[in-house]
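The values are calculated or read from the model by the stated rules, or taken from the named source; none is laboratory data. For clarity, every value in this text was computed on a predicted model and none was experimentally measured. Using ideal geometry, Cβ is built from the backbone for each residue, glycine included, and neighbour counts are taken over all protein chains shown. Side chains included, ligands, DNA and RNA excluded: accessible areas come from the protein's heavy atoms. Shrake-Rupley method; radii C 1.70, N 1.55, O 1.52, S 1.80 Å.
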Amino acid sequence: MDTKESIDIIKSSGQKMKFSLDKLRNSLKHSGANHELIEEIVSKVYDELFEGITSNEIYNRAYSLLKQNKSVFASKYKLKKAIYEFGPTGFPFERFIAAILQYSGYEVDVDIILNGACVTHEIDVIAEKNGSATLIECKFHNEEGRNCNVKIPLYIHSRYNDVKVHWITNKNNKPLNEGWVVTNTRFTEDALTYGKCADLYLLSWDFPKDDGLKDRIDRLGLYPITVSSLLSKREKQFLLSRNVVLCRQLVKDKFYLDHLGISTERKSKILDEISQLCKTQ
């Protein structure tokens, strides 16, 4: 199966790239599906390829085949797209990042106003651990193909420095450890270079290597509620509006499903799906 690996597919950004069987296999491995099912899906998708097919069409076909087999596989597979569903505002994404940090041992506050040396700043997340504080700014994109260029860390670094000057001058009782920039997409090379030079911690979908957003979600089992293949878009938005951003939260607060008027049988299926997602790998 290699003759079609020379065909061009169209990415969500509009750019062309060569189709890769390995990339498709690796993305399917994250779903938790076994080797036999992965190879079956790869074979079916491969047979349906044509020059100029979009990456979204490939994704939709693989997602559909996973869902036919087991909904929890489909849910894990759609993780990246599920985070886009947080939109159109970035507020649920901020809550999501705060929740990940909280489950990683941090104490967190969201949307805090802090004084800087020059002006005041609204900080997305303040995280405290081991007696020191970290300021975190979240850059959310609800469209695929949009990456964070160097302007983002430049802007956030200047805000961090303004807050830091005031923080030190006023002798806060805990040190300000570092500034973070977190995005659900990717950083350009210039942005990564600047982050390293400025000692600004950058966290994106797949950066740092093996410790990016995707890796942390999988490792901790902290899947967003939007990954569910059984909840409707309206139901997901209802939950997000009540700050239920994690599957783990819904397992704990099942009563929200009653507010939605979901039947007992369907409620059982939804809870079974999200309970499986909460189990760490």
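Figures for the structure shown
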{"quantity": "Breaking point among (1) modelled with pLDDT under 95; (2) among the hydrophobic types (A, V, I, L, M, F, W, C); (3) buried (at least 21 other Cβ atoms within 10 Å of the Cβ), for Ile156", "calculated": "(1)"}
{"quantity": "Scan of the stretch 69-89 for residues that are out of contact with any strand residue (DSSP E or B) (no Cβ under 9 Å at 6 or more places or on another chain) and part of a helix (DSSP H, G or I), ordered by number", "calculated": "Asn69, Ser71, Val72, Phe73, Ala74, Ser75, Lys76, Tyr77, Lys80, Lys81, Tyr84"}
{"quantity": "Options Ile53, Ile7, Ile112, Ile83: the member that is touching a Phe, Trp or Tyr at 6+ places or on another chain (Cβ under 6 Å) and of a type in the set (Val, Ile, Thr)", "calculated": "Ile7"}
{"quantity": "Residue ID - surrounded by the fewest Cβ atoms within 10 Å (Cβ to Cβ), chosen from residues in the stretch 95-114 that are assigned to a strand (DSSP E or B) and β-branched (Val, Ile, Thr)", "calculated": "Ile113"}
{"quantity": "Within the stretch 72-90, considering residues that are open to solvent by 30 Å² or more (accessible area, probe 1.4 Å) and more than 13 Å from the chain's Cα centre (by Cα), the one nearest to Leu222 (Cα to Cα)", "calculated": "Phe73"}
{"quantity": "Subset of the stretch 118-148 that is exposed (fewer than 13 other Cβ atoms within 10 Å of the Cβ) and not in a loop (DSSP other than H, G, I, E, B) - its residue that is modelled with the lowest pLDDT", "calculated": "Ser132"}
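Residue-wise test of (1) at pLDDT 95 or above; (2) open to solvent by 30 Å² or more (accessible area, probe 1.4 Å).
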| residue | (1), (2) |
| --- | --- |
| Ile152 | yes, yes |
| Asp162 | yes, no |
| Ile168 | no, yes |
| Pro175 | no, yes |
| Gly179 | yes, no |
